[in-house]
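Below is one structure; the comments refer to it alone.
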Amino acid sequence: MDFGLSREDELFLEAVRSFAEREIAPRWVDIDERRWPIEEVAAKLGEAGLLGIPLSSKYGGQDGTFLQAALAVEELAYADPSLATPVYALLETAWPLIVQRYGRDEVKEEVLPEVAKGRAFIAIASTEPQGGSDVASFATKAVREGNAWRLYGEKNMVTGVATILNLPYGGGAVAIARTGRPEDRHRGISLLLAPLKRKGVKSPGFEYRDWDEIGRHGLPTGYLRLEGLEVPEEFLLGEVNGGFKLAMEGFDLARTVIGAASVGAARWLLDRGLEWIRQRAVFGKPIASYQAISFKFAELYARLEAARLAVYKAAWTADRYFRGQADVQAVAVAGASAKYLAVSLAVETALEVMKWFGGASYFKETNVARVLLGALSYYVGAEGAENIMKLIIARGVIGKEYV
Ligand SMILES: Cc1cc2nc3c(=O)[nH]c(=O)nc-3n(C[C@H](O)[C@H](O)[C@H](O)COP(=O)(O)OP(=O)(O)OC[C@H]3O[C@@H](n4cnc5c(N)ncnc54)[C@H](O)[C@@H]3O)c2cc1C
């Protein structure tokens, strides 16, 4: 057992930290206020080699590990704790990898190098208006027409569609669509990379509208209505009716790095809280001297250390899965555990640190509330609600026959 990083990973971490401190941290509030567009941030991430870290260099990636992706995402979250920048990077860690693993060569060659440069974005279009948790019940249909599929249906809360429309190449959404009968449940679902803007040209056949989010404003999320959007047949991922497992794999992988983003935000909060409780004097003493404060700090610090280890374990499990040394169930349980621990920690740390700041935290100038609002996105649902994380862990450990 060795809790240290390898020399290579330490050097990688130092490089990411110095990039994030220099390029992202000074402007994270501008990102949250949409004064610095995420498309420009993406170009910077692309130049720094932080998009698609585990993608093959054949497709413009870094041939990196999931552990490196987790290290990078934590640093990006520390630099931009509103979470827009790390979420951009983590989505582009998981979903392009699903395209690399299950897509056709010509599609990978066309799209993935553009993703790695920050010129294209691959979104995930899963959730539907009637609910996001029960993926096997989705109604969006893919209908075969000649050499293409056409998508009909409604997807809700899709992150990054506006970004796709603003990027030079554009990109697409990994869409979960029904190709079998509704009663076939998960066995009637396929996964397609639906091109929303390709080589700079917006595709016809869909409507999109941004929601007005309470936080994480830098990376918009909205409603996507599919009205016969054409998906060329080579943009199918995996096999017809074989999409459910691939989609679950994408979520499992994404969650390992969502944990990293939440750990980065929690670390930012705890560091700002620490500075504050040491210097804020009330009743003649720094508030850090009161055990009501210092014990709570100690509790959150210990939970942060534990959450980070859970994230590293999840990313390490993902790397073992790619080498054939772990099964996807292990990635699912480790990813859900990491997300569950880290997301609730980030939210609870934000609420506690806001109390330490007192009334000042209620005003945007202190910025703590921005971090709370960003972290809440994962707390309420993004990439799976908290109960669904518990369901994945319970099914994986107790057994599907019981839960
Ligand atoms: C900021 C943000 C960004 C997002 N980005 C995307 C995106 O890019 N792509 C995308 O497809 N979706 C996205 N989502 C949607 C997200 O994936 C869903 O919110 C999530 O899957 C939950 O679905 P739902 O909100 O419809 O809740 P529902 O599925 O309606 O669930 C409602 C509640 O019931 C609970 N529940 C459901 N089933 C059970 C059960 N069996 N046992 C116990 N409790 C249960 C849930 O935990 C939840 O609390 C985003 C959401 C947010 C907030």
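The values are calculated or read from the model by the stated rules, or taken from the named source; none is laboratory data. The structure displayed is predicted, hence computed values, not measured ones. Positions of Cβ are backbone-derived with ideal geometry, glycine not excepted, and every protein chain shown enters the neighbour counts.
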Every residue in the range 233-260 that is surrounded by fewer than 21 Cβ atoms within 10 Å (Cβ to Cβ), more than 15 Å from the ligand (Cβ to nearest atom) and part of a helix (DSSP H, G or I), please. Glu233, Glu234, Lys245
How do the pairs read when you match residues in the range 209-223 that are outside the structural domain of Leu76 (by TED's automatic domain parsing) with residues anywhere that are more than 9 Å from the ligand (Cβ to nearest atom) and among the basic types (Lys, Arg), using Cβ under 7 Å and keeping only pairs 6 or more apart or on different chains? Gly215/Arg370; His217/Arg34; Gly218/Arg34; Gly222/Arg209; Tyr223/Arg209
Any chance Leu83 is assigned by TED's automatic domain parsing to the domain that holds Val107 and on the phi > 0 side of the Ramachandran plot: yes
Take the residues in the range 138-172 that are under 15 Å from Ile189 (Cα atoms) and aromatic (Phe, Trp, Tyr); name whichever of them is nearest to the ligand (Cβ to nearest atom). Phe138
Residue satisfying condition, being touching a Leu at 6+ places or on another chain (Cβ under 6 Å), surrounded by fewer than 22 Cβ atoms within 10 Å (Cβ to Cβ) and at pLDDT 95 or above, within set Glu23, Glu47, Glu8, Glu39: Glu39
Can you tell me which residues in the range 118-137 are crowded, with 19+ Cβ neighbours inside 10 Å and more than 10 Å from the ligand (Cβ to nearest atom)? Gly118, Arg119, Ala120, Phe121, Ile122
Look at Glu365 and say whether it is surrounded by fewer than 18 Cβ atoms within 10 Å (Cβ to Cβ), more than 13 Å from the ligand (Cβ to nearest atom), over 15 Å from the mean Cα position of the chain (by Cα) and not in a helix (DSSP H, G or I). no
Please specify each residue of the range 193-232 satisfying the condition of being assigned to a loop (DSSP other than H, G, I, E, B) and under 22 Å from the mean Cα position of the chain (by Cα). Trp211, Asp212, Glu213, Ile214, Gly215, Arg216, His217, Gly218, Leu219, Pro220
Considering only residues that are among the polar types (S, T, N, Q) and touching a residue at least 60 places away in the same chain (Cβ under 8 Å), look in the range 346-386 and name the one that is farthest from Trp28 (Cα to Cα). Thr349
